[in-house]
1. Kindly provide the set of residues from the range A:84-109 that are touching a helix residue (DSSP H, G or I) at 6+ places or on another chain (Cβ under 9 Å) and at the interface with chain B (Cβ under 8 Å from one of its Cβ atoms), ordered by number.
2. How do the helices (runs of 4 or more DSSP H) wholly within the range B:1-72 filter down when requiring 3 or more residues that are within 30 Å of B:F104 (Cβ to Cβ) and hydrophobic (A, V, I, L, M, F, W, C): which remain?
3. What are the residues in the range A:176-197 that are surrounded by fewer than 17 Cβ atoms within 10 Å (Cβ to Cβ) and within 25 Å of A:A81 (Cα to Cα), if any?
4. If I ask for residues that are within 8 Å of chain A (Cβ to nearest Cβ), surrounded by fewer than 22 Cβ atoms within 10 Å (Cβ to Cβ) and in contact with a helix residue (DSSP H, G or I) (Cβ under 8 Å, 6 or more places away or on another chain), which ones from the range B:53-70 would you list?
5. Checking the structure you have, find out if any residue of the range B:110-117 is aromatic (F, W, Y), touching a helix residue (DSSP H, G or I) at 6+ places or on another chain (Cβ under 6 Å), surrounded by 17 or more Cβ atoms within 10 Å (Cβ to Cβ) and farther than 30 Å from B:A8 by Cα.
6. Can you pull out the residues in the range B:157-172 that are surrounded by fewer than 19 Cβ atoms within 10 Å (Cβ to Cβ) and either free of Cβ contacts under 8 Å to residues at least 24 places away in the same chain or within 16 Å of B:F93 (Cβ to Cβ) (or both)?
7. Please determine, by comparing only the residues of the range A:1-19 that are in contact with a strand residue (DSSP E or B) (Cβ under 9 Å, 6 or more places away or on another chain) and buried (at least 20 other Cβ atoms within 10 Å of the Cβ), which one is nearest to B:Q10 (Cα to Cα).
8. Go through (1) within 8 Å of another protein chain (Cβ to nearest Cβ); (2) within 18 Å of the chain's Cα centre (by Cα) and name the single condition B:G174 misses.
Number of protein chains: 2
Amino acid sequence: MTLALDTAAQDLLFREARTANTFTDEPVSDEQVQAIYDLVKFGPTAFNQQPLRIVLVRSDEGRERLLKHMAEGNRAKTATAPLVAILAQDNEFHEELPSQLPHFPQAKDMFFSERPVREASATLNGALQAGYFIIGVRAAGLAAGPMTGFDAAGLNKEFFGDGEHSVLAVVNIGKPGESAWFDRSPRLAYDQVVTTV
Amino acid sequence: MTLALDTAAQDLLFREARTANTFTDEPVSDEQVQAIYDLVKFGPTAFNQQPLRIVLVRSDEGRERLLKHMAEGNRAKTATAPLVAILAQDNEFHEELPSQLPHFPQAKDMFFSERPVREASATLNGALQAGYFIIGVRAAGLAAGPMTGFDAAGLNKEFFGDGEHSVLAVVNIGKPGESAWFDRSPRLAYDQVVTTV
């Protein structure tokens, strides 16, 4: 019993969870997304920055606007997923640091006054938050289908248009449908990944 | 009951888990790290790429080599944590794609022949994997103390030196000690993060 997390939870989040490519019609409610957010918002980031922004695509018009920027191989599943979430980083996240890091409000100006520095930080920490979000989708008993095959510049302009946001991933969300996944691909062995000094 | 994950697991991974700044002397074994890896290796990435590399710092000499590159405010806790893990991205991860993505081995050359493209992909997906790793540390009943305050160029050279790796974060790992954390800082409200189209 090396892990404290119970086996059912391990399976739900990692061992049996898979990236879904087909979905049932069962809708994903705003209440479910709120419950996911209210769980994963506690995941740690540097300076408690919270660059992740989430656009839920619910309308037919929104779906059309999204689909035209997706890679062809991702279009059919993105068209039929019950819910699609666009995950982006807000490159102006530092504006919120004084309220989100009340014991060290000067972090905003000390560390993040330069756009390239805060953009790199938003990428790293936004991706960490995206990882927590994917785990949260699975915690809700749903399958996630994260994708990076899209025209990023096109999506940024289409859904933000302010030059201040960069899309990280697009995630299909729902209950897995028929033939929802391929066989699982291999993973690197521990010794290929972990070394000790 | 909006989430499928049981409340104890929610608390262990997100609600009660905190970034620790002090630790007890209780060691963290290789078996624990192996169990963490064997769980979180299943977290999804683009093209099943696995850029994350982990250096466990166990020797006194390794700790000294690490400490000199850490920001001053991170040095004391990094010196005393039972285990420190350096998380880095391998920018040559594409070499493993033919074995890790057997149904689409041509992805290596189709998408990742250019270093800047694969470096950006390794950052995004390495950070996703870092997020899964932090969740895995918590799943083991341990506290994680992830840090980004260090001389990245110095660490890259010190521990890799091949120009092919970029450090993402350094993570202190152990059982939380006395006064292990500050009060929890606020999180953005759902409506500040999530919009619907």
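Quick note: the coordinates plus some simple rules give every number you see, no bench work behind them. Here the structure is a predicted model, which means the values were calculated and not measured. For neighbour counting, all protein chains shown are included, and Cβ atoms are generated from backbone atoms with ideal geometry for every residue, glycine included.
1. Once the filter is applied, which keeps residues that are touching a helix residue (DSSP H, G or I) at 6+ places or on another chain (Cβ under 9 Å) and at the interface with chain B (Cβ under 8 Å from one of its Cβ atoms), the range A:84-109 yields A:E96, A:Q100, A:L101.
2. B:30-40
3. Correct list: A:E178, A:S179, A:W181, A:F182, A:D183, A:R184, A:S185.
4. Answer for the range B:53-70, where residues must be within 8 Å of chain A (Cβ to nearest Cβ), surrounded by fewer than 22 Cβ atoms within 10 Å (Cβ to Cβ) and in contact with a helix residue (DSSP H, G or I) (Cβ under 8 Å, 6 or more places away or on another chain): B:I54, B:L56, B:R65.
5. Checked the range B:110-117: at least one residue is aromatic (F, W, Y), touching a helix residue (DSSP H, G or I) at 6+ places or on another chain (Cβ under 6 Å), surrounded by 17 or more Cβ atoms within 10 Å (Cβ to Cβ) and farther than 30 Å from B:A8 by Cα.
6. Correct list: B:K157, B:F160, B:G161, B:D162, B:G163, B:E164.
7. A:A17
8. It is condition (1) that B:G174 fails.
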